[in-house]
Amino acid sequence: MGVSEMMRAVRLTAHGGPEVLVPAEVAVPTPRAGELLIQVSAVALNNTDLWTRDGAYGRPGDPRALSGWRGPIDFPRIQGADVAGRVVAVGSEADAGLLGRRVVVDPAIYDTDGPDAYPVGLMGSERDGGYAEYVTARVERAHDVTDSPLTDAQLAALPTAYGTALGMIERGRLRRGETVLVSGASGGVGLALVQIARARGARVLAVSRGSKMSLVREAGAHEVIDRGRDIDEQVRVVAPDGVDVALDVVAGDLLSEGLPWLREGGRWVVAGALGGYDVAFDVRRLYLHNAQVIGSAMHTPRHFDLLMEMARKAEVQPVIAATYPLEEAALAQEELARRGHVGKIVLHP
């Protein structure tokens, strides 16, 4: 398959609003040793795209500093962590048998090569991503999903949202039959948490609001708690004995107020701070009740392997809220920021 020398891309030129996303013609990247060149079929948007564009992650000791996911951004940067596509070229030391295969890219940059390595960087933030016609990836990070019944858009919806969700569930040691509380349940990670926790045999309580509540229930929640009303009162009605695990992307006041909902030995897993990152709580809720607060950033290689097995069997069904052509990436990010949708927003180069 012939590959042209130039490609269409949308580049992040600075921190700022949607106007800093600029369409461009750039050189097609050349796969290095052990890398693949992938023609992008679909790339999904995430909150990480917005926060990287805004520079909202802060830095240790300076939470208000403009920063990408793990530090300063080298501009211009091609965003887009979540890529599904087909292998069109291989570098040296890569298996030519992968040519033509449909793949999903694990977007994490890990600290070591082991199965339990931690992510310390992210495609689309610390390196160029998939807001483009082509992207390179290390061969071990490209997972063959050729036979999956999921669409390219659904496959692209998996890496960050479902990878983060599965990392939370694994680190929270969720077991069949346990009761789990999911915050932000209508978002990308929230819906993934609902679907995976339900597939794992847990009783799922999901926090959502308004018209989105019915869609969250359709995704698999056993009970949907209206975040527009008193959450504490509702939790105590539907889970009078408490919850075993909270899977939280909101934090803020929810974490401060919600720790008493945990049963003995309960686990509260945090992977986001939509409700605020300054949290105060009575530490006795932890040591007197053997409870844990666990931070969870994305997934490990082992978690991603598990996710790809689920994808091959279509054990989860990502919901696609909207699709856009690549050149309308700025409009797509504006829709993402409005948070009026349920499911994932996807670009098609």
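The values are calculated or read from the model by the stated rules, or taken from the named source; none is laboratory data. Because the structure is predicted, anything quoted here is derived from the model rather than measured. All Cβ positions, glycine included, derive from the backbone under ideal geometry; neighbour counts span all protein chains shown. Side chains included, ligands, DNA and RNA excluded: accessible areas come from the protein's heavy atoms. Shrake-Rupley method; radii C 1.70, N 1.55, O 1.52, S 1.80 Å.
Points to keep in mind about this one:
- Only one of the listed residues (321, 297, 311) is assigned to a strand (DSSP E or B), on the phi < 0 side of the Ramachandran plot and within 16 Å of the chain's Cα centre (by Cα). That residue is 321.
- For region 231-238, the count of residues that are of a type in the set (S, T, N, Q), out of contact with any helix residue (DSSP H, G or I) (no Cβ under 7 Å at 6 or more places or on another chain), part of a helix (DSSP H, G or I) and surrounded by fewer than 24 Cβ atoms within 10 Å (Cβ to Cβ) is at least one.
- Residue match in region 196-213 (condition: modelled with pLDDT of 95 or more, in a helix (DSSP H, G or I), surrounded by fewer than 24 Cβ atoms within 10 Å (Cβ to Cβ) and not aliphatic (A, V, I, L, M)): yes
- Selected residue [touching a residue at least 24 places away in the same chain (Cβ under 8 Å), more than 14 Å from the chain's Cα centre (by Cα) and assigned to a helix (DSSP H, G or I)] from 218, 170: 170
- Cβ pairs under 8 Å, 6+ apart, first in region 59-82 and at positive phi, second open to solvent by 80 Å² or more (accessible area, probe 1.4 Å): 71/59
- A single member of 82, 54 is of a type outside the set (Ser, Thr, Tyr), touching a Leu at 6+ places or on another chain (Cβ under 9 Å) and open to solvent by 20 Å² or more (accessible area, probe 1.4 Å), and it is 54.
- Residue among 253, 305 that is over 22 Å from residue 191 (Cβ atoms) and open to solvent by 20 Å² or more (accessible area, probe 1.4 Å): 253
- Some residue of region 275-291 being in a strand (DSSP E or B), closer than 30 Å to residue 110 by Cβ, at pLDDT 95 or above and open to solvent by less than 50 Å² (accessible area, probe 1.4 Å): no
- Test for residue 192: is it in contact with a helix residue (DSSP H, G or I) (Cβ under 7 Å, 6 or more places away or on another chain), more than 17 Å from residue 274 (Cα to Cα) and either among the aromatic types (Phe, Trp, Tyr) or surrounded by 21 or more Cβ atoms within 10 Å (Cβ to Cβ) (or both): no
- Annotation: residue 343 fulfils all but one of (1) open to solvent by less than 80 Å² (accessible area, probe 1.4 Å); (2) modelled with pLDDT of 95 or more; the unmet one is (2).
- Verdict on residue 334 being in a helix (DSSP H, G or I), of a type in the set (D, E, K, R), touching a residue at least 24 places away in the same chain (Cβ under 8 Å) and in contact with a helix residue (DSSP H, G or I) (Cβ under 6 Å, 6 or more places away or on another chain): yes
- All positions within region 96-121 that are open to solvent by 40 Å² or more (accessible area, probe 1.4 Å) and part of a strand (DSSP E or B): 109, 120
- Among the residues listed as 129, 177, the single one being outside any helix (DSSP H, G or I), at positive phi and either free of Cβ contacts under 8 Å to residues at least 24 places away in the same chain or among the small types (Gly, Ala, Ser) (or both): 177
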